[in-house]
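Below you'll find the structure, written out as structure tokens, and then a few comments.
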Amino acid sequence: MNKKALNWAQLGFQYSKTDYRFTATYENGTWNAGSLVDDEMILVHEGAPSLHYAQQCFEGMKAQSAEDGRVLLFRPDLNSERMNLTTQRLLMPEVPKRLFIRAIEETVRANSAWIPPYGSGASLYIRPMLIGVGENLGLNPAQQYEFRVFVSPVGPYYKDAGLAVISLAVSEMDRAAPAGTGSFKAGANYAGGLLATLKAKELGANEALYLDSAEHRYIDEAGSANIVIAMKDGSFITPSSNAILPSITRRSLMHLAGKQLSMKTEERPIDLRKEFAQFEEVAACGTAAVLSPVGKIWFDKKWHTVCQDGQTVGPIMQEMYDLLVGIQKGELADNFNWLHEVEI
Ligand code: PLP
Ligand code: COI
């Protein structure tokens, strides 16, 4: 199929209206089969619990073109599992894995003209979402739900191109409470983060960094990404916290660091102030963020520089990035069976 005439290399992380989206409805305890539609608008009742009480959740993933033309998803089964952990927490109906995967495949296939070509630096972002519709006034779960998947070609999340160094500013506001909804992909977590992101940007940072909300000591995560750290002792660590999103990218990086780079890996509380001097390289990671090296972090009213000059991509994060993206684009061996091909 002919590709759309887009300037792929210039794309940022923005919504472009593609031709089709998938929608399925849950009513009276069952999902209908769902279908592709071309209307990007959703008609929602004014009493819908998704609008008032944020009974909604979403996922984020990407499809990439390989050099041989294959279209590849990265570990979509984990997105399905994570969405269903969120649905349990928000008292929403589970989206069966078969429906989830079929909806994604159908949407990607129907929009194949929008999948950025291999080597363009862009990818097709996939946004599965689940919203409580119908009418409610009291604080009760919705009676009807819409599961929808739309896609949009996107470029880098933070910067203009490729692997660029970013900066983070520790937020004075909390993102999530220890036993709250931080570990679920609920939209409500993100609304509360908008002001923190704005404040971080006012300081000149790309994004907010949250510390644990109980003590404000331990690193939790960034506004839209988890954190991984290469330590001076050669280990590769990431925060353990029950208030952060269990990132699929992070799980994959930790696995690669241990299995492919033979690094000692550890998931544990990381005390920002006490351990900062031991950080060799820091990165934010996620579907949108991919792996973005962090050059400096704002905390205690000043910038703290990581990795010498705070501007150069360090060798460990460069290697991690090359490994991760190489697998995602089908350039490197898929040793762990992470890729899922969409037949176009
Ligand atoms: N943390 C937050 C708050 C996110 O929004 C995301 C993005 O999905 C991540 C972490 C990274 O998760 P993943 O790697 O599964 O995309
Ligand atoms: C993703 O990385 O997929 C996300 O959902 C982050 C979002 C805030 C853009």
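Here Pro246 clears all of (1) in a loop (DSSP other than H, G, I, E, B); (2) over 17 Å from the mean Cα position of the chain (by Cα) except the condition numbered (2).
Of the listed requirements (1) of a type in the set (Asp, Glu); (2) over 17 Å from Thr249 (Cβ atoms); (3) within 14 Å of ligand 1 (Cβ to nearest atom), Glu221 misses just one: (2). For the list (1) within 23 Å of Val165 (Cβ to Cβ); (2) open to solvent by 30 Å² or more (accessible area, probe 1.4 Å), I need the number of the one condition that Ala205 fails. The single condition Ala205 does not satisfy is (2).
Please verify whether region 157-165 includes one or more residues that are modelled with pLDDT of 95 or more, in contact with a helix residue (DSSP H, G or I) (Cβ under 9 Å, 6 or more places away or on another chain) and surrounded by 15 or more Cβ atoms within 10 Å (Cβ to Cβ). No, there is no match, as no residue in region 157-165 is modelled with pLDDT of 95 or more, in contact with a helix residue (DSSP H, G or I) (Cβ under 9 Å, 6 or more places away or on another chain) and surrounded by 15 or more Cβ atoms within 10 Å (Cβ to Cβ). Taking the stated definitions as given, is Arg273 open to solvent by 20 Å² or more (accessible area, probe 1.4 Å), at pLDDT 95 or above, within 16 Å of ligand 2 (Cβ to nearest atom) and outside any loop (DSSP other than H, G, I, E, B)? Against the criterion (open to solvent by 20 Å² or more (accessible area, probe 1.4 Å), at pLDDT 95 or above, within 16 Å of ligand 2 (Cβ to nearest atom) and outside any loop (DSSP other than H, G, I, E, B)), Arg273 does not qualify.
The values are calculated or read from the model by the stated rules, or taken from the named source; none is laboratory data. Predicted model, so just to flag it, every value in this text is computed and none were measured. Don't worry about glycine lacking a Cβ; one is built from the backbone with ideal geometry, like all the others, and counts go over all protein chains shown. Surface accessibility is based on the protein's heavy atoms, side chains included, excluding ligands, DNA and RNA. Shrake-Rupley method; radii C 1.70, N 1.55, O 1.52, S 1.80 Å.
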